[in-house]
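Below is one structure, written out as structure tokens; comments come after it.
The values are calculated or read from the model by the stated rules, or taken from the named source; none is laboratory data. Note that the coordinates shown come from a computational prediction; the quantities given were computed from them, not determined experimentally. We place every Cβ from the backbone using ideal geometry, glycine too, and count neighbours over all the protein chains shown. What goes into the accessible areas is simple: the full protein's heavy atoms, side chains included, and nothing from ligands, DNA or RNA. Shrake-Rupley method; radii C 1.70, N 1.55, O 1.52, S 1.80 Å.
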2 protein chains.
Amino acid sequence: MDHTEPIDQLISTLTRLPGIGERTASRLAFFILDEPDRLAEELSEALTAVKDEVGFCERCCNLTGEPLCSICRSTDRDHSTICVVADTPDLRAIETTGEYQGAYHVLHGIISPLEGVGPDDLRMGELLERLESAEANGGEAVEEVIVATSPSVDGEATSLYLSKAINPLDVEVSRIASGVPIGGNLEHTDKSTLSRALSERREL
Amino acid sequence: MDHTEPIDQLISTLTRLPGIGERTASRLAFFILDEPDRLAEELSEALTAVKDEVGFCERCCNLTGEPLCSICRSTDRDHSTICVVADTPDLRAIETTGEYQGAYHVLHGIISPLEGVGPDDLRMGELLERLESAEANGGEAVEEVIVATSPSVDGEATSLYLSKAINPLDVEVSRIASGVPIGGNLEHTDKSTLSRALSERREL
């Protein structure tokens, strides 16, 4: 194909996105061509805005276009509870439940000795600062930290490190529950999840 | 989610693309955020270019950023053979085979009585002009027209219409072969494909 043509240029740029092959890119490009002007224009503007405007929230390190993210700015949320997550997609996954009304802290990674990621490579310092002074948390003292890293080896290591670092402070630390997923089937649940479900059984 | 945030804006714009749901859009948006600046910028530029610059090739009605598409401009191709296709994706599918060295004509649709699409809604006039005068075909007289519409009801109707329209002219008309696909399996081939494969059998 002649890559000087604008369509080929668009297709080849689209294939650089994850999970988008030549066929999908081509389908997307022709869809964009057929749509009224505004889709291409709005997508183009959104792409520019996302790179120009997005930075870290000064308080929780979430990605945002403002100095403080919309969650930290919100007066409807409970800023005395902080849910610690590995990255922004995890934060969004929790937000979609609609269950959690507290604040967040985004570590931007998890401790991974194999990949050479230690606590100093993460946004741990900013978290401890928020726990030590109410001022760094927008004026409200933190009462509980919920560690919501994945129940993987690295996620558990991060959780252990956090509980050790936070325990000397006057803040409760909790960990999200692990066990058989809702709708899951005991027969097809892996051994480690089943053991965890047994050892963390609750009284009824 | 707060749609004033640039990330949410990008995600919601991406979900307007076909086959891209909330999850994929979110994965794409975070990928774009993590990539060095040029991906977002290049994609944004490619989107603008495709809408601003792309139009129809004056000769074959292919989509192009120039007055003539790269195939019609090429001096390496045989402009005495025209392959008629329904749309640009079909043209590209044939190009990927690397087998065809002739020119094309893009109808931008097929005759479909059910959807109210008749010959006058397609780029038939432009094709007949190219067949009638060598001048309209860049100076070379057309010797053969290969009808490469899909072997569907509408595709066959379009093919029949074309052969009737072209027969009075001094131009050969042919149709792409139909039959059992390569790698296909007789047992799982549908009845109409098998009948076609039998009736269009070739001598060995």
With (1) under 18 Å from B:Ala49 (Cα atoms); (2) open to solvent by less than 80 Å² (accessible area, probe 1.4 Å) as the list, and A:Gly65 as the residue in question, which single condition is left unmet?
-> (1)
A:Tyr104 vs. criteria of a type in the set (Phe, Trp, Tyr), part of a loop (DSSP other than H, G, I, E, B) and either within 7 Å of another protein chain (Cβ to nearest Cβ) or open to solvent by less than 60 Å² (accessible area, probe 1.4 Å) (or both) | no
B:Glu58 fails exactly one of (1) more than 8 Å from every other protein chain (Cβ to nearest Cβ); (2) of a type in the set (Asp, Glu); (3) out of contact with any Pro (no Cβ under 7 Å at 6 or more places or on another chain); (4) open to solvent by 50 Å² or more (accessible area, probe 1.4 Å), namely (3)
With respect to A:Glu126, is the statement that it is open to solvent by 60 Å² or more (accessible area, probe 1.4 Å), touching a residue at least 12 places away in the same chain (Cβ under 8 Å) and acidic (Asp, Glu) true?
-> yes
State which residue pairs qualify: first residue within 14 Å of another protein chain (Cβ to nearest Cβ) and inside the stretch A:79-97, second residue polar (S, T, N, Q) and part of a helix (DSSP H, G or I) in any location, beta carbons under 9 Å apart, and separation of 6 or more residues or different chains.
-> A:Ala86/A:Thr158; A:Pro89/B:Ser26; A:Arg92/B:Ser26
So B:Ala29, is it touching a residue at least 12 places away in the same chain (Cβ under 8 Å), more than 9 Å from chain A (Cβ to nearest Cβ), of a type in the set (A, V, I, L, M, F, W, C) and surrounded by 15 or more Cβ atoms within 10 Å (Cβ to Cβ) = no
Looking only at the stretch A:158-204, which residues are of a type in the set (A, V, I, L, M), under 21 Å from the mean Cα position of the chain (by Cα) and part of a loop (DSSP other than H, G, I, E, B)?
-> A:Ile176, A:Ala177
Does the stretch B:174-185 contain any residue that is of a type outside the set (Gly, Ala, Ser), more than 25 Å from B:Ala93 (Cα to Cα) and either open to solvent by 40 Å² or more (accessible area, probe 1.4 Å) or assigned by TED's automatic domain parsing to the domain that holds B:Glu132 (or both)?
-> no
